[in-house]
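Notes to accompany the following structure.
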Amino acid sequence: MQSTAGRRAMHINLFLFACGHHRAAWRHPYSSVGRLGDIGYYEQLARTAERGKLDAVFFADGQSADNLADGPKWFLEPLTTIAALSRATERIGFISTVSSTFYTPFHAARMLASLDHLSGGRIGWNVVTSMFDSEARNHGYEAMPDHDWRYRRAEEFVNVVLGLWDSWADEALLRDRQGRYADPDKVHAIQHQGEHFLVDGPLTVPRPPQGHPVMFQAGASGQGRDLAARYAEAIYAVAYDLPSAQAYYRDIKHRVREAGRQDPVPIMPGLVTYVASTAAEARRKQRELDELLPPEDALRQLGLYVGQNCMGWELDAPVPDLPALEDFTGPKGRYATVLRIIETEQPTVRQLLGRLAAGGGHCTMVGTPDEIADEMERWFLNEGADGFNLMPPALPDSLDDFVDSVIPILQARGLFRREYEARSLRGHLGLLRPASA
Ligand SMILES: Cc1cc2nc3c(=O)[nH]c(=O)nc-3n(C[C@H](O)[C@H](O)[C@H](O)COP(=O)(O)O)c2cc1C
């Protein structure tokens, strides 16, 4: 994570999502809701992020179309979107979420390797095990397979993908017009046979320019953290305040060391920002979006996080008692965040909904550019974060605000790059290229 100037460098990804991360952003009269199928919209946002010298554009992903009345969720599929965006940009990286439960490793390895070639080495993948029964039922399962099974499959999946990328040595392609196209001694089968997959290999695509596209991981349970500690090269985390970020950060860095790794593994929590020239104006921007949010929509979303029907909850009453973390069978990371907000802020149901409406419990910073930069620096210098996954509440405005007013302050303080120093995503993140087998 050192820049070439030798300083520890902050990393910032833009997490692109629909009209923005506030659940009501699409309802705003000037929102881009009519442009979500238009690649020009994403190109414009990616170019803004590149103008701000951000490390990468990050895409989450899901595999079912639920609650469509509440707002846009998925529209363009991320891998195909990234293929187009990489042609509209030059230096910024792109990270796609990939489900280890629903993809096959051969398919994932092939698409990501192909993207890494066509982008000139700017690709990353965010391995998730997915969450919802409605997704499982689009992929041949009656319901979501259980957590342990999903993480066993995820580990095998990652190993097969890495093996396939290594099935070609760097110098396997000879392109000798009078002789051989490739050296058969430098391309090998992997002959994998495990609990979930049978894959002979080799891959159809020669070794990616980065060796391996950069692996991100986003899972908060013990198994998620262990998988991250053993394999992830960077982590997308969820932390709603500095103490919870520090607890997560220290735990992951400890697990990485326990796994015998020296890699930096930058940890990048999600960050929602409302920026304006005065704090009052920034709060007004936040309130304007909050007021667009229908309470039923927010209650339904809360129900997903806490695994129960919240539709009858009294808005101005305290949040009803919820089961302890160990008794909760759904995704534990976000649930732990909800429990922590309740414990520390003791909000009413309405206040909790407001807190979760943008980014679902990720950290929210509201204020002037200096105030936001101060807070980001505080996290960066105090084992809270190595960078952030920026989640603009409304697009393109909140992204423009951040790039035009916060980035220059971070640059002036020497915390963030003024120019790209590398050509690959690996280079931006200060990660070494894995050696060829
Ligand atoms: C910060 C964060 C981001 C995530 N993003 C996605 C996503 O885009 N798509 C998805 O299907 N799952 C996503 N997940 C879900 C995880 O991959 C995982 O399947 C789920 O959280 C259950 O694992 P856990 O109990 O280890 O958290 C995300 C989880 C976290 C913590």
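Quick note: the coordinates plus some simple rules give every number you see, no bench work behind them. Predicted model, so just to flag it, every value in this text is computed and none were measured. Because the Cβ atoms are built from the backbone with ideal geometry, glycine has one as well, and the counts that use them run over all protein chains shown.
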Please compute the contact order of the chain in relative form: average sequence separation of alpha-carbon pairs under 8 Å and at least six residues apart, divided by the residue count, as a percent. 23 percent
The exposure ranking of 226, 148, fewest beta-carbon neighbours within 10 Å first, is 148, 226
Holding the Cα-Cα limit at 28 Å, pick out from 73/332; 53/332; 253/285; 73/285 the pairs that are longer than that. 53/332; 253/285
Suppose we look only past 20 Å in the calculated P(r) of the stretch 118-211. What percent of the Cα-Cα pairs does that tail hold? 53 percent
If every alpha-carbon in the stretch 103-173 counts as one equal scatterer, what log10 I(q)/I(0) does Debye give at q = 0.17, 0.18, 0.28 1/Å? -0.73, -0.79, -1.30
Below 8 Å between Cα atoms, with a sequence gap of 6+, how large is the relative contact order for the stretch 167-250 in percent? 20 percent
Dividing the Cα convex hull volume of the stretch 1-155 by residue count, how many Å³ per residue is that? 143 Å³
In whole angstrom, largest first, the equivalent ellipsoid semi-axes that the Cα gyration tensor gives for the chain are 35, 26, 21
So, relative contact order of the stretch 299-354 in percent, Cα under 8 Å, 6 or more apart, is 41 percent
For 36, 85, 45, 432, what's the fewest-to-most ordering of other Cβ within 10 Å of each Cβ? 432, 36, 45, 85
Expressed in nm², what is the orientationally averaged projection area of the convex hull enclosing the Cα positions of the stretch 233-319? 8.8 nm²
Compute the distribution of all C-alpha to C-alpha distances in the stretch 179-263, in bins of 5 Å from 0, and list the percent of pairs in each, rounded to whole numbers. 3, 11, 16, 15, 15, 14, 10, 7, 5, 2, 1, 0, 0
Using every Cα-Cα pair within the stretch 355-437, state what percent have a distance larger than 18 Å. 54 percent
Rounded to 5, percent antiparallel among DSSP beta bridges of the chain: 20 percent
Please report, in whole Å, how far the alpha carbons of the stretch 280-387 spread along each principal axis, starting with the longest. 41, 32, 19
Pairwise FRET efficiency - residue 262 versus residue 346, Cβ, R0 = 30 Å, nearest 0.05: 0.10
Helical mean residue ellipticity (222 nm; -39500 (n - 2.57) per DSSP H run of 4+; nearest 500) of the chain: -11000 deg cm²/dmol
Extension gain residue 277-residue 420, at 0.36 nm per residue separation less the Cα-Cα distance, in nm? 48.7 nm
Which of 116, 61, 397 ends up with the largest GNM mean-square fluctuation for the chain, with Cα atoms connected below 10 Å? 397
Using Cα centres only, tell me the gap between the stretch 282-298 and the stretch 299-333 in whole Å. 20 Å
